Amino acid sequence: MDRKEQHALTSLTSSAKYWGGIPATALPRDVSEMLALAYIGAIPFAIYPSALGRSLVAIFSAPFMIVWTLEKLRSQELVRVRPFPMALIGLFCGWAALTGFWASTEAPVLSAVLSLMWSAATTVAIADVLSRLWLSALVSLSAGAMLLSTIVLISPQTISGRANLGGIDENLTSFVLSVGAGAGLFLFQAVKSRLGRWIAGAGLLLIGLAVLYTGSRTGVVATGLMAVATALFAVSSGSGRGIRAALALFAALTLIGSLASSYDLMPRRIQQFLGGEADGINDSGRGEISDLFLRTVDRWFIAGVGYSSDAHYLAGTEGIYRNAHGIFWKTWVELGIIGVLILSAIVGAAVISSFQLPSRRAVWLMMITLTCFGLTLGGLSVDAFWLVVSFAIACPSGHSASVYASDRTNFPSTSRRHFGSTREQMPSDSCL
């Protein structure tokens with residue numbers, strides 16, 4: 001953890017009061033913030049189509065949006081979100097809606113576009129709240145992933161040895177678990193209390209075992225890469241504590257592998273994959289699906305076949321109902337090269353914006369998951385994807401923002417003890 005991030009965490013922890021290991025300055029202050037944290041904690045369960053999933057998320061997201069909107073109207077405060085990424089998200093939704101005019105009439109374009117617009121609106125609102133509550137949000141997300149991991153680990157096995165989640169896609173489950181693992185890895189490195197580190201470490205063990213049990217090769221790669229990145233972050237700090245954290249992470253990976261083998265939580269396909277066997281690496285099915293789409297690439301190269309219409313399009317042209325895999329590939333098929341360019345701009349703007357955040361290493365870790373699953377699965381319709389975007393486009397606020405002021409801008413020192421620098425708190429609209 002570099003000096004800027006350490007300053008940000010120091011400013012957050014300047015309050016003498018702690019509640020459950022979280023500084024009082026990072027706790028929710030009103031109803032909208034409490035609903036936001038509840039919504040973030042429920043996001044891992046959004047993969048469930050039943051009452052346990054979508055309904056659970058809606059219980060918190062809908063009231064949050066209503067309360068947040070009313071509070072903004074009452075206070076007349078600006079939305080604390082980077083304006084350029086926010087504009088790009090709006091442009092993406094507009095283009096997705098426009099493609100509905102040439103999409104298959106059988107495709108659920110209207111409902112898919114409305115869902116996308118709701119996700120976009122929620123992304124902006126959550127980003128506004130995350131400007132102050134990013135630390136509590138990471139705790140909430142990690143806790144939700146830990147709870148989902150417990151459910152996964154007590155689930156029965158399928159014939160192939162993977163967790164039987166009642167029809168829920170195992171790769172999708174691994175995706176949301178891996179995002180939660182990114183939050184947990186950051187907390188494991190950043191938390192100061194010994195109890196907090198033990199809790200974060202135990203949670204990472206649960207999530208790691210659950211990812212293995214899902215049988216998702218992409219999840220294994222994403223989680224492994226995040227663990228290596230976290231270890232490198234820790235070692236780069238040059239402190240003894242950082243080196244100990246890195247060694248603890250590698251010990252945890254070894255322990256996860258040992259426990260998974262002992263308790264039959266490592267499906268055959270993962271064993272083959274880790275062993276470098278061809279059957280565990282090759283995946284010809286996705287390549288065959290891509291070849292089917294490429295047969296008619298001239299029809300959708302520019303404008304796509306319509307949002308959420310890829311499977312219906314393939315059924316009409318090739319007689320087989322299959323979805324494209326990979327977030328950019330699927331976007332290209334559905335929204336054409338225009339949609340790919342807009343999505344690329346959103347991701348690029350989010351990455352650039354994250355460099356100004358005290359939570360940037362947490363964002364980078366979670367973006368490793370988005371990158372890995374973006375190549376093999378997709379994720380635009382998954383709430384966890386948009387949550388990571390929310391983290392990236394939030395504006396640093398209050399104490400967090402102060403340590404990211406330009407080196408050329410110095411303010412009179414009024415809080416040297418808290419900030420460790422001569423810069424005072426930045427104006428609340430500093431990123432707007």
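Here are a few things to note about the model shown:
- Residues being loosely packed, with under 14 Cβ neighbours inside 10 Å, out of contact with any helix residue (DSSP H, G or I) (no Cβ under 8 Å at 6 or more places or on another chain), over 21 Å from VAL139 (Cα atoms) and modelled with pLDDT under 85 are entirely absent from the range 195-203.
- Condition met for ARG54 (at pLDDT below 85 and either surrounded by fewer than 19 Cβ atoms within 10 Å (Cβ to Cβ) or under 17 Å from SER140 (Cβ atoms) (or both)): yes
- Residues in the range 61-97 that are hydroxyl-bearing (Ser, Thr, Tyr) and surrounded by fewer than 14 Cβ atoms within 10 Å (Cβ to Cβ): THR69, SER75.
- The listed residue being modelled with pLDDT of 80 or more, at negative phi and in contact with a helix residue (DSSP H, G or I) (Cβ under 7 Å, 6 or more places away or on another chain), out of ILE22, ILE40, ILE66, ILE59: ILE40
- Reported count of residues in the range 360-419, each being at pLDDT 75 or above, outside any helix (DSSP H, G or I) and within 17 Å of LEU133 (Cβ to Cβ), is 3.
- Residues that are touching a helix residue (DSSP H, G or I) at 6+ places or on another chain (Cβ under 7 Å) and either not hydroxyl-bearing (Ser, Thr, Tyr) or not in a helix (DSSP H, G or I) (or both), drawn from the range 91-101: LEU91, PHE92, CYS93, TRP95, ALA96, ALA97, GLY100
- With respect to (1) in contact with a Lys or Arg (Cβ under 7 Å, 6 or more places away or on another chain); (2) farther than 22 Å from GLY379 by Cβ; (3) surrounded by 21 or more Cβ atoms within 10 Å (Cβ to Cβ), the lone exception for GLY161 is condition (3).
- Among (1) more than 21 Å from ALA112 (Cα to Cα); (2) at pLDDT 85 or above; (3) in contact with a helix residue (DSSP H, G or I) (Cβ under 9 Å, 6 or more places away or on another chain) - the single one ILE302 does not satisfy: (1)
- Failed item in (1) among the polar types (S, T, N, Q); (2) in contact with a helix residue (DSSP H, G or I) (Cβ under 9 Å, 6 or more places away or on another chain); (3) assigned to a helix (DSSP H, G or I), with SER111 passing the rest: (2)
- Qualifying residue in the range 138-159 (condition: assigned to a loop (DSSP other than H, G, I, E, B) and either in contact with a Gly (Cβ under 7 Å, 6 or more places away or on another chain) or within 22 Å of ARG29 (Cβ to Cβ) (or both)): no
- Hey, ILE352 closer than 30 Å to PHE186 by Cα and hydrophobic (A, V, I, L, M, F, W, C) or not: yes
The values are calculated or read from the model by the stated rules, or taken from the named source; none is laboratory data. Quick caveat: nothing in here was measured; it's all calculated off a predicted structure. FYI the Cβ positions are ideal-geometry reconstructions off the backbone, even for glycines, and counts take in every protein chain you see.
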